[in-house]
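The values are calculated or read from the model by the stated rules, or taken from the named source; none is laboratory data. Computed from a prediction, not measured in an experiment: that's the story for all the values here. As a convention, Cβ positions derive from the backbone with ideal geometry for all residues, glycine included, and neighbour counts pool all protein chains shown. Side chains are part of the model used for accessible areas, which takes the heavy atoms of the whole protein and leaves out ligands, DNA and RNA. Shrake-Rupley method; radii C 1.70, N 1.55, O 1.52, S 1.80 Å.
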Amino acid sequence: MAVCATRLPPTEIRVLTALDAPPVDNARPAAELALLRKQPLQPGEIVVGLTSVRQTYDFRWSYRGLKQRETGRSCLRSRIEVTLHLTQQVYVASEFAPGSCGYDEVIAHEQRHVAANLAQFERTARFVEDSLREQEGDAPPWLGEPDALRDAVMERARAGWMSQIETKFHEVDREHAKIDSVEESQRYKQLCNGEMERTLREIHQRETRKGR
């Protein structure tokens with residue numbers, strides 16, 4: 001065991017992040033964005049912008065090892081790489097033409113949601129790395145078969161960060177609620193010299209007629 005601890009390099013842990021600038025979809029009307037949001041609307045609520053988000057991860061495991069001549073057993077240390085992926089999509093209701101003041105205001109609002117997601121994504125990556133280093137960073141060399149070591153590492157990961165990663169990322173929901181506050185909705189109506197209020201009123205009237 002002493003030879004293994006000396007000759008094997010330390011457990012290697014890498015946590016990477018992968019993300020792209022979110023594209024903007026301006027082809028869908030407000031009514032369709034309300035359906036995409038998949039949440040009940042409050043009375044009089046109109047969805048003119050939306051940011052969808054999805055977080056996934058890849059877990060890769062390998063090892064470095066030595067075979068002990070005297071026993072024939074192997075001693076191993078893990079190499080762990082986790083890549084977190086963040087995919088976002090921004091929608092602006094088609095009632096707002098690109099280049100208009102209303103369009104720019106909706107984009108500015110959605111960029112606050114994008115920024116909040118990015119900040120939480122980085123916090124989630126740090127959580128994963130801290131958890132892995134706590135669980136695996138100082139682990140002594142493993143005596144046995146690679147498959148058994150991989151299973152042990154995966155089980156600790158499932159009981160630790162894997163079980164918490166979705167909840168960790170959705171801590172950002174509190175920030176989204178602040179961004180979409182009642183005060184923000186009221187402020188919206190005053191923007192662009194009345195353009196926002198007129199467009200919102202037109203959308204509301206159109207949807208009301210459809211509901212008859």
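Overview of results
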read-out	value
Test for residue 131: is it among the hydroxyl-bearing types (Ser, Thr, Tyr), more than 23 Å from the chain's Cα centre (by Cα) and more than 30 Å from residue 180 (Cβ to Cβ)	no
Residue identified as of a type in the set (A, V, I, L, M, F, W, C), out of contact with any Ser or Thr (no Cβ under 6 Å at 6 or more places or on another chain), open to solvent by less than 60 Å² (accessible area, probe 1.4 Å) and farther than 26 Å from residue 123 by Cβ among 41, 66	66
Selection status of residue 25, surrounded by 12 or more Cβ atoms within 10 Å (Cβ to Cβ), among the acidic types (Asp, Glu) and in contact with a strand residue (DSSP E or B) (Cβ under 9 Å, 6 or more places away or on another chain)	yes
Single unsatisfied condition, residue 136 versus (1) acidic (Asp, Glu); (2) within 26 Å of residue 15 (Cα to Cα); (3) open to solvent by 20 Å² or more (accessible area, probe 1.4 Å); (4) in contact (Cβ under 8 Å) with a residue 12 or more places away in the chain	(3)
Out of 130, 147, sole residue that is acidic (Asp, Glu), surrounded by fewer than 21 Cβ atoms within 10 Å (Cβ to Cβ), modelled with pLDDT of 95 or more and under 25 Å from residue 10 (Cα atoms)	130
In segment 69-78, the residues that are open to solvent by less than 90 Å² (accessible area, probe 1.4 Å) and in contact with a strand residue (DSSP E or B) (Cβ under 7 Å, 6 or more places away or on another chain)	74, 75, 76, 77, 78
Test result for residue 60, under 21 Å from the mean Cα position of the chain (by Cα) and either closer than 30 Å to residue 145 by Cα or surrounded by 13 or more Cβ atoms within 10 Å (Cβ to Cβ) (or both)	yes
Extreme residue, nearest to the chain's Cα centre (by Cα), among residues of segment 1-41 that are free of Cβ contacts under 8 Å to residues at least 40 places away in the same chain and in a helix (DSSP H, G or I)	37
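Residues are listed down the side, and each one gets a yes or a no for (1) free of Cβ contacts under 8 Å to residues at least 12 places away in the same chain; (2) open to solvent by 60 Å² or more (accessible area, probe 1.4 Å):
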{"site": "170", "(1), (2)": "yes, yes"}
{"site": "175", "(1), (2)": "no, yes"}
{"site": "186", "(1), (2)": "yes, yes"}
{"site": "199", "(1), (2)": "no, no"}
